[in-house]
Amino acid sequence: MSKLRAIFALGMLLTAAGRSYAQMAPDNVGQPSNGMPAILQNVTFRPELNAQMPLDAALTDEAGKSVQLSQYFHQQKPVLLAFVYYGCPMLCTQLEQGVVGSLRMLSFNPGRDYEVVFVSFDHRDTPEMAAAKKNTAMDHFRRKETAAGWHFLTGSKESIAKITDAANFHFNFDGKNNLFAHASGIMLLTPGGRISRYFYGVEFPGRDLRLVDASQGKIGTPVDKMLLFCFQYDPSTARYSATILSVMRMLAAGTMAGLLLMILIYRKRDVRAARAKLTQQGAH
């Protein structure tokens, strides 16, 4: 009897999971696809540890001056580098705030102990937009004296491609909505410009930011495999961003695991009860 109940419960669980997945898209837009939306295909961020960044890449800083990436790499100073675009209405701002919040918890100071570099991958972004982002970051960081260690850069298509390709950071542009589909994360670079560590997401615990390791040229390992994609849900096509899909899938998997655990617990309880009953009958 307990086996039948377990099988029935598992069947109900799988049915519920199938229904909830089907409800991810309205009935009038066709069958939901198991694949990723086209705009998110080939959107990746897979840095290769110890890979060399192109320090000769030509860029423009927030003051409108022509610079090279190499200017932010100094002896014994690690560099925190993040790809964003300054017109982003979504995760880029959260990423910037996450970086500021995490670094604010450290006693180390930008400029003196390390450098913070944001590179826009939208060639249309301007130094004025970069300067506005820096001002916001400085207001949140609350250490005005560290402003020289914060850099918000822009560049040409060619320069951007040179840097993003070196980091295996690939994005797509949606002309209809004037938005980029892209991943979210940061990299810690050694003073020589090699990738020491990288982190996915928008929040980064201060204890995990091994600035000292990076400053010594040590190469670490990835600590987080959660990749967040920056894109919107389009109600006309019922396509969700990969972030929402991932969260829903993880919640569904967690629910299934919880229900399966409950089934096992109830089954063990039934077995114990049956054994106790047999023991009592044997005693009589």
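The values are calculated or read from the model by the stated rules, or taken from the named source; none is laboratory data. Keep in mind that what you see is a predicted model, and the values were worked out from it rather than measured. Cβ sites come from the backbone with ideal geometry, for glycine too, and all protein chains shown count toward neighbours. The protein model used for the area step is the full one, side chains on, heavy atoms only, and it has no ligands, DNA or RNA in it. Shrake-Rupley method; radii C 1.70, N 1.55, O 1.52, S 1.80 Å.
Could you check how many residues of segment 97-130 are open to solvent by less than 40 Å² (accessible area, probe 1.4 Å), in a helix (DSSP H, G or I) and modelled with pLDDT under 95? Explain how you work it out, then say what you get.
Of all residues in segment 97-130, those open to solvent by less than 40 Å² (accessible area, probe 1.4 Å) come to 98-103, 106, 109-111, 114-122, 125, 127, 130.
Subsequent filtering for residues that are in a helix (DSSP H, G or I) retains 98-103, 127, 130.
Right, trim to modelled with pLDDT under 95 and you get 98-103.
Total satisfying the criteria: 6.
The set of residues in segment 148-188 that are closer than 22 Å to Gln52 by Cβ and in contact with a Ser or Thr (Cβ under 6 Å, 6 or more places away or on another chain) comprises His170, Leu188. Could you please let me know if Ser156 is open to solvent by 10 Å² or more (accessible area, probe 1.4 Å), farther than 19 Å from Pro47 by Cβ and modelled with pLDDT of 90 or more? Yes.
In segment 136-162, the residues that are over 17 Å from Gly64 (Cα atoms) and in contact (Cβ under 8 Å) with a residue 12 or more places away in the chain form Cβ pairs under 6 Å with partners that are outside any helix (DSSP H, G or I) and among the small types (Gly, Ala, Ser), at six or more places apart or across chains, as follows: Thr146/Gly111; Lys162/Ala57.
I'd like to verify a number: residues in segment 131-145 that are small (Gly, Ala, Ser) and either closer than 20 Å to Met187 by Cβ or modelled with pLDDT under 95 (or both), how many?
Residues meeting the conditions: 1.
Could you go through segment 160-170 and let me know if any residue there is modelled with pLDDT of 95 or more and more than 21 Å from the chain's Cα centre (by Cα). The answer is yes; a qualifying residue exists. Only residues that are more than 13 Å from the chain's Cα centre (by Cα), hydrophobic (A, V, I, L, M, F, W, C) and buried (at least 21 other Cβ atoms within 10 Å of the Cβ) were counted in segment 71-87, giving 3.
For Ala148, the criteria (1) within 18 Å of Pro191 (Cβ to Cβ); (2) in a loop (DSSP other than H, G, I, E, B) hold in every case but one, which is (2).
When Ile163 is tested against (1) open to solvent by 30 Å² or more (accessible area, probe 1.4 Å); (2) hydrophobic (A, V, I, L, M, F, W, C); (3) part of a helix (DSSP H, G or I), exactly one condition is not met: (1). Phe180 fulfils the conditions (1) within 16 Å of Gly98 (Cβ to Cβ); (2) touching an Asp or Glu at 6+ places or on another chain (Cβ under 7 Å); (3) open to solvent by 10 Å² or more (accessible area, probe 1.4 Å) except for a single criterion, (1).
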